[in-house]
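Participant: Okay, here's the structure, questions in a sec.
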There are 2 protein chains.
Amino acid sequence: MNRRRKFWGWGWEDERADPLQVQAAEAALRGWLGMHELEVAGPPRLDQLSLRPPRIAPPPALEPLISVTAFDRASHCYGKSYRDLIRALRADFANPPDLVAFPANESDVVALLDWCSGARVAAIPYGGGSSVCGGIEPEVGESFIGTLSIDLGKMQKVLEVDERSRAARIQAGVFGPALEEQLRPQGLTLRHYPQSFEFSTLGGWIATRSGGHFATQFTHIDELVEALRVVTPAGLIETRRLPGDGAGPSPERLFIGSEGALGIITEAWMRLFVRPRFRAKASALYADFANGAEAVRLLAQSGLNPANCRLLDAREAMMNGVAGGEHAVLLIGFESHDHALDGWLKRALELARDAGGEVQQSSIRTSDDGAGVRGGSADAWRGAFLRAPYLRDELVARGAFVETFETAITWDRFRALDSAVRAAAESAARESNGGGTSVLVTCRITHAYSDGAAPYFTVICPARRGAELEQWDLIKTRVTDAMLEHGGTVTHHHAVGRDFRRWYERQEPAPYQRALAAAKSAVDPAGVLNPGVLLAAGARP
Amino acid sequence: MNRRRKFWGWGWEDERADPLQVQAAEAALRGWLGMHELEVAGPPRLDQLSLRPPRIAPPPALEPLISVTAFDRASHCYGKSYRDLIRALRADFANPPDLVAFPANESDVVALLDWCSGARVAAIPYGGGSSVCGGIEPEVGESFIGTLSIDLGKMQKVLEVDERSRAARIQAGVFGPALEEQLRPQGLTLRHYPQSFEFSTLGGWIATRSGGHFATQFTHIDELVEALRVVTPAGLIETRRLPGDGAGPSPERLFIGSEGALGIITEAWMRLFVRPRFRAKASALYADFANGAEAVRLLAQSGLNPANCRLLDAREAMMNGVAGGEHAVLLIGFESHDHALDGWLKRALELARDAGGEVQQSSIRTSDDGAGVRGGSADAWRGAFLRAPYLRDELVARGAFVETFETAITWDRFRALDSAVRAAAESAARESNGGGTSVLVTCRITHAYSDGAAPYFTVICPARRGAELEQWDLIKTRVTDAMLEHGGTVTHHHAVGRDFRRWYERQEPAPYQRALAAAKSAVDPAGVLNPGVLLAAGARP
């Protein structure tokens, strides 16, 4: 397969958003936001870039693992955030990693980290590069002689499958589709589908506490991790395969969410599912978003554990083509390999109606081949969901500010946070354009818990061309401040990276941050692992 | 309430095992183990003990919080393990804490830890004292001038209930029954019932990753913790109330299972349940334990999430009065506040039969008052379960060695571990008695996961009177070695403490232990918090 990912934006080089979808989006930018001049910023060309020459050279033994091609260095410069895309469209690749390594196995990773520790080279672990928080950007401060991006993409095998325990040992560099493909022969699946699924890796999901398609129960990758192998400069950490444990604080949990700052995850034993055969799904309309949220609460507290339980506000539903813009839409879905779900869906729909919902359609199906059952709002939504980043890039190229902000909040404070974030986003977006501009702020609930929910906000407005980063900073600051002030978290499933660290430092108690810095010092004494992520570069306990 | 707990053994001073049950147990010791001379040891009397005088005195400001009575010091000397009971029956209280503190609030805890840090006094956090691994024994090494047991028992209030989010803010010192009583008016419940329920505290459960009555899904207290307040010598840690989070490694998880070595948990926001109204339960018989285990596996992998899914081997079932000793018994139970469970139980029984089970009885009931529905094997089992520790003490007083060992293991290795542990226990118990003795080894599965199970072994044989501790050491060593060699954990839900640390050190990768020691140094620079628990006293990263 010679398909290559874009070095500057989302997805495959030879793939872009559907032109009809782009047309519709252009019409929306004109109609809703009054953006009439949709000048398209070109994608940057590789031959445009004059990358700073590498400041370091690898020792001869490591040379075979290292690339210094412009494509590789440019590809490992940025993640996929709005800030990243803006800089890429400006052909601003001022701070590329000096070197990019492609280890083929764990020994290579050990050798690379040994060199980094000894030579004071900052090591940036890299999975799929889909970070939206500066997690893989080689912005590491002044105390390193250079930067090395360590791309795990060659470590992409399912090494072992334990069918009885429904678990598999998997290399961290595998991308979503290749992972599922390797599990298919045994009828197993990880069923973890973040929006980045096609372009992100198992190791990246674990390092960033990725959120998947399960709206309840298995919301994050965390619960699916059975055991980890992590290379640290202080040695290999291999935790035991245990279905449950009570021996001290969980070692896995220290590394889940450690964003490459504590070690490089090379393998994981993952808990799997049998591919579902039974599916039951429905949607319900709500005149009021708050009533829809109440339905989500009832469902999340019911013990029914729906796989899907997502609420789209009226505008979000319209933008995704699942309703006309008058109603919030709740998507409910159950899935099982084991049993029919009629009873589950029946009760869920009672709860959906109790909260004032009008049930639109429901289907209960068994598919004997394990393939998906398609059709209805839920599938329209899923299709739009996975293709959204391509469209985002097109909108941004046309001068739109497009950014998303997610958090989590207990139910008692959900409405206050929802209102505050919408207000903060709208006023900041207006202010950033000198007032008066139209702004589109939408919300969906992506994950639900008995004690709260994860709302996900999208903000679209005209970009201030030439000052996009300043505009982003203003809007991001106002929104995140509102989230933190109203009790939320800086991120429910997009990680902290470098870009959100200033809020993370406000979120976490100081003694905990010192404990984390101390743990880092123990496993990474030279402080070379992803400096500036989670902890300030050079942070000492 | 003037009822006092025994200073030397399980439970209330004025309560002992049912005499009829004791008679039956005596008959069993005679019949099964050939123990004819059942001479009853002790209990020790308080006036027998000549406790070493306190080696330290508190500063005047702390005096009102401190007790030096013989009862308080003796009560805080030991947990409730076999080793503890043996030493108590010998009236061996050679190493009591010098002082016992009863803080009334968090400021008291802060003041106590400040003093300990400054004066090099070892601080032993104490909840209900039900540790079975030396977790609260003031065995702290030589580098302290004395020991202070910090008993949280006065901090026992539910401070705040958030009914919408089904969560409550609760002081760590509350015992199980008082906690449930305070939640009852709102119709809420934590539904966490370890065997120690009556005599253990919320803070203790969190600090030790306690296992509760849910056999699947919410097996440990871990999943029920929404947020924590922890006093450390380096400052207060208060984590955010979040239903889900993706910001860095979970701060709660660092303290869940930290066994008082990283801080003193003073409060927690806990996720609650609405009291169940619907229940469905059944039992099934298996000629073969392995078939019963297969049924547990199918159930745990089904997605049905039974609240009860416990398998007792034939002897364990007989000892607990739930079957005649010919069959392993599987207890299945579902509960819900929201929906009838007919469909759930129906499918579960199909799976139980698929594995070769003979379904004995089933009941599906709704109780409108939220009270338990009683009757059947499951209830006989539960009653025996909660009263078991009283009976254990009687057996030990009569010269029986009685100990339990639990672990967790993936399904692929379940049978090998089960066989190895039984063999190790039997041969070690025989050897400890010079060979030839009868030994009773039983097993139950207490908690089940999609990827494995937690087997719980009970070993009963004649004690070697006068050499009980050496005997314990031999049997414990052989059993735990077998568990570790076959892939298990040193503990599924009984914590590590001081007694199991030597195996914990083998279980956890060295760099992880250094990271943990470093985290401890950051929050407890003087190393005064529960020295010797999890980490060696004075361990440095």
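Participant: Got a sec to turn the phi values of the stretch B:196-210 into Karplus ³J(HN,Hα) couplings, 6.51 cos²θ - 1.76 cosθ + 1.60 with θ = phi - 60°, whole Hz, x for Gly and Pro?
Facilitator: 7, 2, 5, 10, 9, 10, 4, x, x, 4, 5, 5, 10, 6, 4
Participant: Once you charge only the Cβ atoms, +1 for Lys and Arg and -1 for Asp and Glu, what is the size of the charge dipole of the stretch B:1-149 about its Cα centre, to the nearest 20 debye?
Facilitator: 180
Participant: Quick check on packing: order B:236-246, A:307-317 by the mean number of other C-beta atoms within 10 Å, highest mean leading.
Facilitator: Sorting B:236-246, A:307-317 by mean packing, highest first, produces A:307-317, B:236-246.
Participant: On to the next question. Taking 35 Å as R0, compute the FRET efficiency from the Cβ-Cβ separation of A:VAL359 and A:ARG184 and round it to 0.05.
Facilitator: 0.55
Participant: Mind checking which lysines have their C-alpha under 20 Å from B:LYS157, skipping anything on the same chain fewer than 8 residues away?
Facilitator: Once the sequence-local lysines are set aside, nothing remains near B:LYS157.
Participant: Rounded to the nearest 20 Debye, what is the dipole magnitude of chain B about its Cα centre when Lys and Arg each give +1 and Asp and Glu each give -1 at the C-beta?
Facilitator: The calculation lands at about 80 debye.
Participant: Something else about it: Once each part is reduced to its C-alpha centroid, what is the distance from the stretch B:196-246 to the stretch A:301-345 in angstrom?
Facilitator: 31
Participant: Moving on. Given Cα positions, please report Rg to Rh for the stretch A:458-538, the hydrodynamic radius being the Kirkwood one.
Facilitator: 1.06
Participant: When the Cα centres of the stretch B:4-46 and the stretch A:106-128 are compared, how far apart do they sit, in Å?
Facilitator: Measuring centre to centre over Cα atoms gives 61 Å.
Participant: Past 18 Å, Cα to Cα, is the threshold; run B:LYS154/B:LYS520; A:LYS154/A:LYS520; B:LYS281/B:LYS346; A:LYS80/A:LYS476 against it and keep the listed order.
Facilitator: Too far apart for the 18 Å limit: B:LYS154/B:LYS520; A:LYS154/A:LYS520.
Participant: Starting from a label point 7 Å past Cα on the Cβ side, list the distances from A:ALA24 to the same position in the other copies, nm, shortest first.
Facilitator: Values, ascending and in nm: 7.0.
Participant: When a/c is below 1.5 the answer is rounded, else prolate if a/b is larger than b/c, else oblate, so apply that to the stretch A:95-155 with a ≥ b ≥ c taken from the square roots of the Cα gyration tensor eigenvalues.
Facilitator: Since a/c reaches 1.5 but b/c is at least a/b, the shape of the stretch A:95-155 is classed as oblate.
Participant: List the pair-distance distribution P(r) of the protein assembly as shown, using every Cα-Cα distance, as the percent of pairs falling in each 20 Å bin from 0 up to the bin containing the longest distance, rounded to whole percents.
Facilitator: 12, 43, 34, 10, 1
Participant: Accessible area per residue of the stretch A:1-155 at 1.4 Å probe, in Å²?
Facilitator: Per residue, the stretch A:1-155 has an accessible area of 44 Å².
Participant: Counting only DSSP beta bridges with both residues in the protein assembly as shown, what percent are antiparallel, rounded to the nearest 5?
Facilitator: Details: 136 of 156 bridges.
In the protein assembly as shown, DSSP labels about 85 percent of beta bridges as antiparallel.
Participant: Assign one of three labels to the stretch B:240-334, namely rounded, prolate or oblate, based on the Cα gyration tensor with a ≥ b ≥ c the square roots of its eigenvalues; rounded applies when a/c is under 1.5, prolate when it is not and a/b is larger than b/c, and oblate otherwise.
Facilitator: prolate
Participant: Determine the dipole magnitude for the stretch B:178-334: charges of +1 sit on the beta-carbon of Lys and Arg, -1 on that of Asp and Glu, nothing else is charged, the reference point is the Cα centre, and the result goes in debye to the nearest 20.
Facilitator: With Lys and Arg at +1 and Asp and Glu at -1, about 460 debye.
Participant: How large a share of the accessible area of chain A, in percent, is made up of carbon and sulfur atoms when the probe is 1.4 Å and the other protein chains stay in place? The partial results should precede the final answer.
Facilitator: On the way: 9010 of 18180 Å².
Roughly 50 percent, rounded to a whole number.
Participant: While we're here: Using r as the Cβ-Cβ distance of B:LYS346 and B:SER419, and R0 as 35 Å, what FRET efficiency do you calculate, to the nearest 0.05?
Facilitator: That pair, B:LYS346 with B:SER419, gives E of 0.55.
Participant: Just name one of B:VAL421, B:PRO389, B:ALA400: the one whose Cα is farthest towards the positive end of the charge dipole of the stretch B:389-439 (beta-carbon charges, Lys/Arg +1, Asp/Glu -1).
Facilitator: So the residue furthest toward the plus end is B:VAL421.
Participant: Calculate the spin-label point distance for A:LYS154 paired with A:ASN95, positioning each point 7 Å from the Cα along the beta-carbon direction, and give it in nanometres.
Facilitator: Roughly 2.8 nm, to one decimal.
Participant: Sticking with this one: List the residues whose amide H sits under 5 Å from the amide H of B:THR266, counting only those 5 or more places along or on another chain, with H placed 1.01 Å from N in the peptide plane.
Facilitator: Close amide H contacts, sequence-distant or interchain: B:ARG229, B:VAL230, B:VAL231.
Participant: Something else: For the stretch A:396-541, just say rounded, prolate or oblate: build the C-alpha gyration tensor, square-root its eigenvalues into a ≥ b ≥ c, call rounded for a/c under 1.5, and beyond that prolate if a/b exceeds b/c, oblate if not.
Facilitator: oblate
Participant: B:LEU236 label points, 7 Å along Cα→Cβ, one per copy: pairwise distances from this copy to the rest in nm, shortest first?
Facilitator: 4.5
Participant: Is it possible to state the helix-based mean residue ellipticity at 222 nm for the protein assembly as shown, with each DSSP H run of 4+ residues giving -39500 (n - 2.57), the sum divided by total residues, to the nearest 500 deg cm²/dmol? What is it?
Facilitator: Details: 30 runs with 346 residues, N = 1082.
About -10000 deg cm²/dmol.
Participant: Zone of B:ALA510 (label point 7 Å along Cα→Cβ, backbone N under 20 Å): which residues in the stretch A:508-535?
Facilitator: It comes to A:519-527, nothing else.
Participant: At B:ALA510, label 7 Å along Cα→Cβ: distances to the other copies, nm, ascending?
Facilitator: 3.6
Participant: Counting protein heavy atoms only and a 1.4 angstrom probe, how many square angstrom of accessible surface do chains B and A bury in total, to the nearest 100?
Facilitator: Numbers: alone 21480 and 21500 Å², together 36340 Å².
Answer for the B-A pair: about 6600 Å² buried.
Participant: May I pose another question? Explain nothing, just the number: relative contact order of the stretch B:400-491, from Cα pairs under 8 Å at least 6 residues apart, as a whole percent.
Facilitator: 44
Participant: Now for a different question. How long are the three semi-axes of the equivalent ellipsoid for chain A, computed from the Cα gyration tensor as the root of 5 times each eigenvalue, in whole Å, largest first?
Facilitator: Each semi-axis is √(5λ); the values are 35, 29, 22 Å.
The values are calculated or read from the model by the stated rules, or taken from the named source; none is laboratory data. Quick caveat, the model's predicted, so the values are computed rather than measured. Because the Cβ atoms are built from the backbone with ideal geometry, glycine has one as well, and the counts that use them run over all protein chains shown. The accessibility values were calculated without ligands, DNA or RNA, using every heavy atom of the protein model including side chains. Shrake-Rupley method; radii C 1.70, N 1.55, O 1.52, S 1.80 Å.
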